[in-house]
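Here is the structure we will look at.
The values are calculated or read from the model by the stated rules, or taken from the named source; none is laboratory data. These numbers were taken from a predicted model, which means no experiment stands behind them. With ideal geometry, Cβ positions are generated from the backbone for all residues, glycine too; neighbour counts draw on all protein chains shown.
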Amino acid sequence: MAETARMANAAGKTGTPGEPRLVIAIDGPAAAGKGTLARRIAAHYDLQYLDTGALYRAVGLAMLRAGLDTDDEQAAAEVARKLDVSLLQDPELRSIEAGDAASKVARHKAVRAALLDFQRDFARQAPRGAVLDGRDIGTVVLPGADVKLFITASPEVRARRRWLELGGERADTPYEEVLRVVKERDARDASRAEAPMKPAEDAHLLDTSELDIDAAFQAALRIIDARIDARRNSDA
């Protein structure tokens, strides 16, 4: 899966040469805006970016296409170990079905173990640093990250965002069904025994329910810049 690192590269030119490496962990539930924010943050600071949720979506999608049971931990772990990285470019990865399957396979300890080293290696090998987004980045994958953000929004707001992403009134799936799936996934992700979704103790909470993407981005930059300034001052 080393090719994933190359495909996940972010382009940006605002970083300052000579700055210490910067690793940013971004967590939160589905459709909170963390992926969009993570990509913009990575570009702004000239960091590499990895959408870790895409890894789990790819495992789930591969299992669905192969007719495998997503509750079968051994089968899911085998798919994760042999993951075809070309699936990370598959448009079906953003479907409700792929997201639901991702949430199910992510419960399995063996699947998380198969993908954990890859995620950590990605962050460690990025020359300037990296931005990773997911559900357990700040708590499990990168507990020592320089900055941790937990991006959230109300279930209703997130369901509407996902519904509009699917086409809104033209979507095959009604809003009510999207909301039901969002709430189910929230409960499953937060209650799973292995790496449940929750804010790290030192994470900054950012609620985007009433924020557009630009306002959320500026709020995130203020948090990150404050951490960078504090680090510079402590090194002075």
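Annotation note: Cβ proximity below 8 Å between a residue of the stretch 111-137 that is under 14 Å from residue 38 (Cβ atoms) and a residue that is of a type in the set (Asp, Glu) and surrounded by fewer than 24 Cβ atoms within 10 Å (Cβ to Cβ) (sequence gap 6+ or interchain) occurs for 129/146; 133/51; 134/51; 135/189. Counting residues in the stretch 224-233 that are of a type in the set (Gly, Ala, Ser) and touching a residue at least 60 places away in the same chain (Cβ under 8 Å) gives zero. Here the condition is being without any contact (Cβ under 8 Å) to a residue 24 or more places away in the chain, among the acidic types (Asp, Glu) and part of a helix (DSSP H, G or I); of 201, 176, it holds for 176 alone.
Going through (1) at pLDDT 95 or above; (2) basic (Lys, Arg); (3) part of a helix (DSSP H, G or I); (4) crowded, with 18+ Cβ neighbours inside 10 Å one by one, residue 65 falls short only on (4). Within the stretch 59-83, if we keep just the residues that are basic (Lys, Arg) and free of Cβ contacts under 8 Å to residues at least 24 places away in the same chain, the residue that is nearest to residue 110 (Cα to Cα) turns out to be 82. Scan the stretch 18-31 residue by residue and report those that are buried (at least 24 other Cβ atoms within 10 Å of the Cβ) and either within 11 Å of residue 137 (Cα to Cα) or at pLDDT 95 or above (or both). Across the stretch 18-31, the qualifying residues are 24, 25, 26, 27, 28. Scoring residue 169 on the criteria (1) surrounded by fewer than 21 Cβ atoms within 10 Å (Cβ to Cβ); (2) modelled with pLDDT of 95 or more leaves a single failure, condition (2).
Residue by residue, here is whether (1) at pLDDT 95 or above; (2) farther than 20 Å from residue 57 by Cβ holds:
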| position | (1), (2) |
| --- | --- |
| 112 | no, no |
| 117 | no, no |
| 131 | yes, no |
| 158 | yes, no |
| 176 | yes, yes |
| 192 | no, no |
